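Undergrad: Have a look at this one before I ask anything.
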Amino acid sequence: MEAHLRLEGVAKVFAASGRSAPVPALGPLDLEVRRGEFLSIVGPSGCGKSTLLDIAAGLLAPSAGRVSFEGREVRGATPPGLGVVFQQDASYPWLTVSENIGFGLRRRGLPAQAVADRVEEAIRLMGLSAFARAYPAQLSGGMRQRVCIARTLVTEPRLVLLDEPFAALDAQTRLLMGDELLKLWRRAGATIVLITHSLEEAALLSDRVLLMSARPGRIIETLATGWPSERSSDLLTDPRFAALTQRLWTALAPEARRALGLGSEAA
Amino acid sequence: MRQVLVDRLALAAVALTLWVALELRLGPDILPGPLETGLRLLGLLADPAFQDEIASTLGAFALAALLAASLGLMLGAALGTLPRTSDLLEPFLVGFYALPKVTLYPTVLLLLGVGLDAKVAFGALHGIVPVALFTAGGIRGLPPILAKSARTLGLARVATVTRVLLPAALPEILAGLRIGLALTLLGTLIGEMFAARSGLGSVLMRAIPRLDNATVLSVTILFLAGALLVDWTLERATRRSAAGR
Amino acid sequence: MALAAGRAGIVLALLLALEAAVRWGAVSRNAVAPPSDMVAALLRLAGSGLLWRLAAPTFAAVAAAIALAVVGGLVFGLLLAASPRLRRAIEPLLLSYYAVPIFVFYPLLIVVLGLGPLPLVAIGAAFGVISVALSLLQGLDRLPTPILKSARLEGLGPWATAWHIRLPFAAPFVLHGAKLAVAAAFIGVIGGEFILAPNGLGRAIANAYNDFDNPLLYGLLLFVISVVTAVNLGLHAFERRLREQRGLA
C-alpha cells in the first residue's frame, strides 16, 4: 500500500546567525505514514518535533531531502487535503466560534448554506453548541483548542497533523479530548499524525508510535501498539498499557537525559 | 548600528531637500530656506532682547514644571494609596486630560490677569494630571509586600510613601514626568501665544503679521529642539532608573 | 453603579459649590459665571441658532482632521511595517512624538497654507497620524505566530493575510490610537482657532474673552466641554467593549 505521507532523508540545519555556528535541528530521517493509521511521534523536548511538523506541512523548507503527500512532492505550500492543528491557540480573536470554524470553508468558495450546515455539525460534534456566537476570549483554553480542531476538521482533510494539541490542557481534559479525537478519527477515516511529549498519550491513542532521539532528532524506534480501532481511555487500567508505556520510556530515557545535558549514568 | 546611522542621515538629507524644494516652489519670502533660517536663528540668539524672551519662557516653564511635578506627585501618591478614592476620581482626571484645555485659558486669565502667573498656571494645569496618573499607577503596581515590610519597620504612613513607595515607583514616575513636562511646555507655549507680552510664543505671534517668516521658522526650530532635549534627558533618566532594578 | 452615582454626586456637589461661591462673592462674578448662568447662556445660544453657526466650521475641521489622521496613520503605519529598515531609522524619533508641543508648528502652517481651515486640519491631524501609525505597528507586532501559520495553511498570500488576518487582529490597538487621535483633533482644532483663525468655536471663546462677554464665554465653554466629554466617553465605552470581546482586559 502506498504511503500517505513520506519523508525521505529530510534534515534541517538552521543557518548561522551572528557569531553562533549553524545548528543542526533535525534528521536526516525517513518516515512513512500509512493511509488511515493513527501515528504518534514522541521525543524529548527540543528534539525538533515541531520543526518536523512544519516541514511535513510545507510551512518550512527542509535543508535536505524531500516530502511527498499522496505521491506528490510538498513544496512551499500546504497541499489541499492536509490539515494542521497547532500547539498554541491559533483561534482568531476577532471572529466568533462559528465564524472561526467556517473561515476555511468560506475561503474555498462554498455556498453560504453549505458552509452554515457543515459549521453547525462541527460545532455540535465538538460540544460547542452553547458557544457558537461567543468569541474565543470568552472560552476556556480547552474549548479554544476544540475550535481550532473543528476549524481544521470541518474542511475534511485526508491527513491531519496535530502538534501537541493538548499541551496547554489539564490532565483530565487531555484524556477526554483524546477520546474525542479517537471518535473523530474513526468517523472521518482520516490519517492522523500526533506529535506529543506524553508517553501515555502516545501509548493510549496510537496504532504506531515513533520515538525520536535528542537534537538533531532522528527516528530511533517504531512500536506497534496492537490496539483495536474501537478503543478509549478505558485502556488506562489495562496491564498492556502499563507495559507499553514502560517499553517506550526504556527506549526514550537515555535520549531525554541527553537532551537535558545529563550524563547517561546520571540518575 | 552603522546602517541605522546612515539611514538617518539619508532621511535628514531627504528632509532638507524637501525643505529646499518647498522654498523654491513657494518663494523665499513665504518659506525661507535652511541657510537663511540658520543665519536668522544665529542672529536672534546673539540679540540680547531675544535672550530676554528665552529667559522669560524658560523661567515660566521651570516654575510651571515645578508646580506640575510637585502637585502631580502629591495627588498621585494620594490616589495610589487610596484605591477606592482613585476608582471614584480617575475618570475625571482622564476626561480632563483629553479636554481642549485652551477653552479654560480665559478663566485662568480672568482669575490671575495677563502675565507670568497665568502662563505658569496654565502650563502647570497641563502637566499635573499625567504626572498624577502615572504616579498612582506606579504605586498601585508595586508588590504589596513593600508597604507591609515598611510598616513592620515602624514607618508612619507618610514616611512609607516618601521613603519606600515613591522611590520604588520611580521609573513610572519619571515616565509620567516625561509626558507631564512635555504638556507643561505646550501649556506655557499656548499661554504665550494667546496673551503674554514676553516669551518665545509671543515672539512667534508678533512675527506673523510682520510676515517675518524667517523668525517664525527659527523660533519653531529652537522651541522644538528645547522640547526634545527635555524629553531625551528624562528618557535617559527613566532608562537608568529602570535598569537599576 | 455605586461608583457612577458617586461620580454624579461629585459633579453635582462641585457645581453647587461653584454656584454658591460666585453668588456669595467668594469668587468674582467677572472671572467665573455661576453654573446656572452658564446653562442659561448655552440654552439661549442654542435657541438663537448662533451656536450652530459658530460650531459648524469647528466640527467640519475636526471631522476632516480625524479622517486625515486615521487614513494617514494607517498608510504611514503600513509603510513602516513593510519596511523594517525605515522603521528602525525613525521609530525612536516617532516615540518622542508627544513631547513635541504641536502648536509651535501652527504659525508655520499658517505661513505655508494660509489663514483658513487647512492649517487647523493639519494641526488637528498631526498628533493623530503618529498615534494611529504607532498603535497599528503595536497591534501588528503582537500577532501570535500560530495565527500567522494557520493563514499560510489556508494558502493566503501576503495581501490576503494583511486584509483577513493582520488588520482584523490589530483593530483594537488601532482603535486605541484613533481614540487618542479624536481627542487630539478637538484639542488641535479648537486650540488653533483660539490662537489665530477667522472663525470657529475656539475663536468665539477668545473673542468673548476679549469683549468681556462672560455669558457667551461660559456658555461656549460648557458646550465644548460637554461635547468633547460625551465623544470621549462614547469612544471609551466602545473600546472597552471591543477589548472585552477580544479578552484584552
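Undergrad: Would you calculate the separation in nanometres between label points at B:Ser70 and A:Ala224, each defined as 7 Å from the Cα along the Cα-to-beta-carbon direction?
TA: Result for the modelled spin labels: 8.7 nm.
Undergrad: Here's something else I'd like to know. For chain B, list the DSSP H helices whose alpha carbon atoms reach 15 Å or more along the long axis and whose average Kyte-Doolittle value is -1.0 or above? If you can, show how the numbers build up before the last one.
TA: Details: long enough: B:2-26 (36 Å, 1.22); B:34-46 (18 Å, 1.04); B:48-81 (49 Å, 1.29); B:83-97 (20 Å, 0.22); B:116-140 (36 Å, 1.14); B:170-194 (35 Å, 1.44); B:213-243 (45 Å, 0.77).
Taking the DSSP H segments of chain B (at least 15 Å long, mean hydropathy at least -1.0), we get B:2-26, B:34-46, B:48-81, B:83-97, B:116-140, B:170-194, B:213-243.
Undergrad: Ok, one more. Ignoring everything except DSSP H segments at least 4 long, calculate the 222 nm mean residue ellipticity for the protein assembly as shown; use -39,500 (n - 2.57) per segment, divide by total residues, nearest 500. The partial results should precede the final answer.
TA: Values: 28 runs with 483 residues, N = 761.
Calculated at 222 nm, the ellipticity per residue is -21500 deg cm²/dmol.
Undergrad: Go through A:Glu156, B:Glu172 and list them by solvent-accessible area, largest first, probe radius 1.4 Å. The partial results should precede the final answer.
TA: On the way: A:Glu156 125, B:Glu172 75 Å².
Largest to smallest exposure gives the sequence A:Glu156, B:Glu172.
Undergrad: What longest range of chain C stays clear of loop-exposed trypsin sites (Lys or Arg not before Pro) (DSSP non-H/G/I/E/B, at most 14 other C-beta within 10 angstrom)?
TA: Values: sites that count: C:Arg29, C:Arg142.
The answer is C:30-141.
Undergrad: Hey, what do the phi angles of the range B:154-168 turn into as Karplus ³J(HN,Hα) couplings, whole Hz, using 6.51/-1.76/1.60 and θ = phi - 60°, x for Gly and Pro?
TA: x, 7, 6, 4, 5, 5, 4, 5, 6, 8, 10, 5, 5, x, 5
Undergrad: About its Cα centre, how strong a charge dipole does the range A:158-204 have in debye, to the nearest 20, once Lys and Arg get +1 and Asp and Glu get -1 at the Cβ?
TA: Values: 5 positive and 7 negative charges, 72 e Å.
Approximately 340 debye in magnitude.
Undergrad: Right, something else. In nm, to one decimal, how far is the C:Ala5 label point from the B:Leu211 one, both placed 7 Å along Cα→Cβ?
TA: 6.6
Undergrad: At 7 Å along Cα-to-Cβ for each site, give me the label-to-label distance between B:Leu58 and A:Leu235 in nm.
TA: That separation, rounded to one decimal, is 8.2 nm.
Undergrad: Could you give the semi-axes, largest first, of the ellipsoid that matches the range B:48-244, computed as the square roots of 5 times the alpha carbon gyration tensor eigenvalues and rounded to whole Å? Walk me through the intermediate numbers first.
TA: Values: eigenvalues 265, 66, 33 Å².
Ellipsoid semi-axes (Å, largest first): 36, 18, 13.
Undergrad: Compactness ratio of the protein assembly as shown: Cα Rg over 2.2 N^0.38 Å, N = residue count? Write down the numbers at each step before the final one.
TA: Numbers: Rg = 33.0 Å, N = 761, 2.2 N^0.38 = 27.4 Å.
Expressed relative to 2.2 N^0.38 Å, the Cα Rg reads 1.21.
Undergrad: May I pose another question? Considering only DSSP states other than H, G, I, E and B, which chymotrypsin sites (Phe, Trp or Tyr not before Pro) in the range C:87-120 qualify as loop sites with at most 14 other Cβ atoms within 10 Å?
TA: Details: sites: C:Tyr97, C:Tyr98, C:Phe103, C:Phe105; in loops: none.
Passing both the DSSP loop test and the Cβ count: no residue.
Undergrad: If you look at just the Cα atoms of the range B:126-190, how large are its Rg and its Dmax in Å?
TA: My reading of the Cα-based Rg and Dmax gives 14.2, 49 Å.
Undergrad: Put B:Leu181, A:Leu5 in order of accessible area, largest first, 1.4 Å probe: what do you get? Don't skip to the answer; put the middle values down first.
TA: Numbers: B:Leu181 25, A:Leu5 5 Å².
If we order B:Leu181, A:Leu5 from most to least accessible, we get B:Leu181, A:Leu5.
Undergrad: Right, something else. List the lysines whose alpha-carbon lies under 24 Å from that of A:Lys12, not counting same-chain residues fewer than 8 positions away?
TA: A:Lys49, C:Lys149
Undergrad: Report the antiparallel proportion of the DSSP beta bridges in the range A:112-267 as a percent, rounded to a multiple of 5.
TA: Values: 5 of 10 bridges.
Restricted to the range A:112-267, the bridges split so that about 50 percent are antiparallel.
Undergrad: Take the alpha carbon atoms of the range C:1-59, find their center, do the same for the range B:205-240, and report the distance between the two centers in whole angstrom.
TA: 36
Undergrad: Also: Stokes-Einstein diffusion coefficient for the range B:1-103 at 37 °C in a medium of 0.692 mPa s, Rh from the Kirkwood formula over Cα pairs: what value in µm²/s?
TA: Working: Rh = 19.0 Å.
Calculated translational D: 173 µm²/s.
Undergrad: Pick out, in residue order, every one of the chymotrypsin sites (Phe, Trp or Tyr not before Pro) in the range C:200-238 that is DSSP loop and has at most 15 other C-beta atoms within 10 Å; say none if there are none.
TA: C:Phe212
Undergrad: What figure in square angstrom, to the nearest 10, would you give for the accessible area of B:Ser198 with a 1.4 Å probe?
TA: Counting only protein heavy atoms, the figure is 50 Å².
Undergrad: Would you check the accessible area of B:Ile145, probe 1.4 Å, heavy atoms only, in square angstrom rounded to 10?
TA: Approximately 110 Å² for this residue.
Undergrad: A further question follows. About its Cα centre, what dipole magnitude does the range B:117-245 give when the only charges are +1 on Lys and Arg Cβ and -1 on Asp and Glu Cβ, stated in debye to the nearest 20?
TA: 560
Undergrad: Considering only DSSP states other than H, G, I, E and B, which trypsin sites (Lys or Arg not before Pro) in the range A:1-106 qualify as loop sites with at most 14 other Cβ atoms within 10 Å?
TA: Numbers: sites: A:Arg6, A:Lys12, A:Arg19, A:Arg34, A:Arg35, A:Lys49, A:Arg66, A:Arg72, A:Arg75, A:Arg106; in loops: A:Arg19, A:Arg35, A:Arg75.
Those that pass, being in a loop and sparsely packed, are A:Arg19, A:Arg75.
Undergrad: Once the dipole of the protein assembly as shown is set up with Lys and Arg at +1 and Asp and Glu at -1 on Cβ about the Cα centre, which of B:Val120, A:Gln113, C:Ser28 lies farthest towards its positive end?
TA: The one lying farthest along the dipole's positive direction is A:Gln113.
Undergrad: Sequence-distant or interchain residues sharing an amide H contact under 5 Å with A:Gly217, placed H: which?
TA: A:Leu26, A:Gly27
Undergrad: What share of the DSSP beta bridges in the protein assembly as shown is antiparallel, in percent to the nearest 5? Present the calculation step by step, with values, prior to reporting the outcome.
TA: On the way: 20 of 39 bridges.
Roughly 50 percent of the beta bridges in the protein assembly as shown run antiparallel, per DSSP.
The values are calculated or read from the model by the stated rules, or taken from the named source; none is laboratory data. What you see is a predicted model; the values in this text were computed from it and never measured. No Cβ is skipped: glycine too gets one built from the backbone with ideal geometry, and neighbour counts run over all protein chains shown. We work out accessible area using only protein heavy atoms, side chains counted, and drop any ligands, DNA or RNA first. Shrake-Rupley method; radii C 1.70, N 1.55, O 1.52, S 1.80 Å.
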